[in-house]
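Take a look at the structure below.
Where a number appears in this text, it was derived from the coordinates with a stated rule and is not lab data. Computed from a predicted model, the values in this text were never measured in an experiment. With ideal geometry, Cβ positions are generated from the backbone for all residues, glycine too; neighbour counts draw on all protein chains shown.
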């Protein structure tokens, strides 16, 4: 019996991905910070979809969090065949408007934890007849975004990391997929402290629902796609990020965040 391990799984895209996997009768392990939300999510998924669902409450920004998760899996004898690195957040506004610790914590969650979990679980994933790593990147991974400078850079890292790892593992049983959502109806704007009216208006106009994003993500993962950009509008944005001069894109992004 194998499991899918999903970080940031108590709500939003992470929870929706857990639901999509449970619909396919895949057992799930939910990881996030808040025990109460995780308990409700695990119980709800187990009852609705008839799969095994367990959870671990852990602060992923803390040193050693990835090892703690892997140790928990070993203690419980949970064999992981799907790793979904979903947990992450952004900080909007000027770079120097936040403390160095703020930036470090975000980078820890967005980059270090996915790399550590991938590394620590890879030996186990390779033992499975077929296994998967899904890394949640972002449409922001395809360009620099003044106003979300460190966040966009961290997601560019995840996109590059995923593509490189995918190539390295192409002769193994492990498939790696980077998923890049655009604006989605989640708590991201509040966590990122987005206060720009223009940014909020654009998000409301183009927001996708977490369930829709999760379905595309899971379908793409099982199709062994290296990259998945969710939704036509986001695909178009990625195309223009490739086509247009970087200075134009950066000026446009800066105006959205009132910089």
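Among 245-254, 166-175, what's the highest-first ranking by average C-beta atoms within 10 angstrom per residue?
On the way: 245-254: 13.4, 166-175: 14.9.
Highest-to-lowest ranking by the protection proxy: 166-175, 245-254.
Restricting to Cα atoms and excluding each atom paired with itself, what does the Kirkwood estimate give for region 38-165 in Å? Mind showing how you got there, number by number?
Values: mean 1/r = 0.0619 Å⁻¹.
Kirkwood hydrodynamic radius for region 38-165: 16.1 Å.
By how many degrees, 0 to 90 and rounded to 10, does the Cα axis of helix 12-23 deviate from the longest principal axis of the chain?
The two axes meet at around 40 degrees.
What is the Å³ per residue value for the convex hull set by the Cα atoms of region 64-125? Numbers along the way, then the final one.
Numbers: hull volume 4.7 nm³, N = 62.
In region 64-125, the Cα hull volume divided by residue count equals 76 Å³.
Can you give me the Kirkwood hydrodynamic radius for region 1-68, using every pair of distinct Cα atoms, in Å to one decimal? Before the final figure, lay out the partial values.
Values: mean 1/r = 0.0856 Å⁻¹.
Mean inverse Cα-Cα distance, inverted, gives 11.7 Å.
Before rounding to the nearest 500, sum -39500 (n - 2.57) across all DSSP H runs of length at least 4 in the chain and divide by the residue total; then give [θ] at 222 nm in deg cm²/dmol. Present the calculation step by step, with values, prior to reporting the outcome.
Values: 11 runs with 132 residues, N = 259.
Roughly -16000 deg cm²/dmol at 222 nm, from the helical runs in the chain.
What is the Cα coordinate range of the chain on the first, second and third principal axes, sorted by size from largest, in whole angstrom?
51, 39, 33
Restricting to Cα pairs below 8 Å that are 6+ residues apart, what does the relative contact order work out to for the chain? Please round to a whole percent.
On the way: 480 pairs, mean separation 50.4, N = 259.
The value is 19 percent.
Kindly express, to the nearest 10 degrees and within the range 0 to 90, the angle between helix 149-168's C-alpha long axis and the longest C-alpha principal axis of the chain.
Taking Cα atoms only, the helix is inclined about 50 degrees.
Once you have the Cα-Cα distance between residue 79 and residue 171, take 0.36 nm times their residue separation minus that, and quote the gain in nm to one decimal.
Values: separation 92, 0.36 × 92 = 33.12 nm, distance 2.13 nm.
Extra length from residue 79 to residue 171 when fully extended: 31.0 nm.
Using only the alpha-carbon atoms, how far is helix 210-222 inclined from the longest principal axis of the chain? Give it as 0 to 90 degrees, nearest 10.
In the chain, helix 210-222 runs at an angle near 60 degrees to the longest axis.
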